[in-house]
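In what follows, a single structure is set out as structure tokens and then discussed.
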């Protein structure tokens, strides 16, 4: 397998970018009173996942690269909570998005592990 030449080549980035697009679709249907709540918080946290993967991609040191990946992991967990809240508030069905988030989390953990054990 060839090394990635760009962050866009990373499967974890591709899947997290797709997740962001789906989050934007979901939040379009949220009530107007959530405009400054979940409607802004959930996409912000979701965007942080692929954004930090992208930013960390060009970092030279293993620990610096791993730090950005860890920030992505934190944002992923923040999204996990927001999806629980979406479900509990009955703003939409977040089950499929939770499954996608689990998959992204596993790939991101493996990528972190690979970076740290290079």
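The values are calculated or read from the model by the stated rules, or taken from the named source; none is laboratory data. Nothing here was measured: the structure is a model prediction, and the numbers come from that model. Please note: Cβ atoms are built from the backbone with ideal geometry, for glycine as well, and neighbour counts cover all protein chains shown.
Which one is farthest from residue 7 (Cα to Cα) among residues in the stretch 24-33 that are crowded, with 17+ Cβ neighbours inside 10 Å and touching a residue at least 40 places away in the same chain (Cβ under 8 Å)? Step through it out loud before you land on a result.
In the first step, residues of the stretch 24-33 are kept if they are crowded, with 17+ Cβ neighbours inside 10 Å; the result is 26-27, 30.
Of the ones still in play, those that are also touching a residue at least 40 places away in the same chain (Cβ under 8 Å) are 26, 30.
Numbers: 26: 25, 30: 31 Å.
It comes out as 30.
Which is at pLDDT 95 or above and more than 23 Å from residue 9 (Cβ to Cβ), of 69, 42?
Numbers: 69 fails: more than 23 Å from residue 9 (Cβ to Cβ).
Checking each option against the conditions leaves just 42.
Looking only at the stretch 40-51, decide whether some residue is crowded, with 16+ Cβ neighbours inside 10 Å and within 13 Å of residue 111 (Cβ to Cβ). Can you show your working first?
In the first step, residues of the stretch 40-51 are kept if they are crowded, with 16+ Cβ neighbours inside 10 Å; the result is 41-43, 45-51.
Adding the requirement that they be within 13 Å of residue 111 (Cβ to Cβ) leaves 49-50.
Checked against the condition, which is being crowded, with 16+ Cβ neighbours inside 10 Å and within 13 Å of residue 111 (Cβ to Cβ), the stretch 40-51 yields at least one hit.
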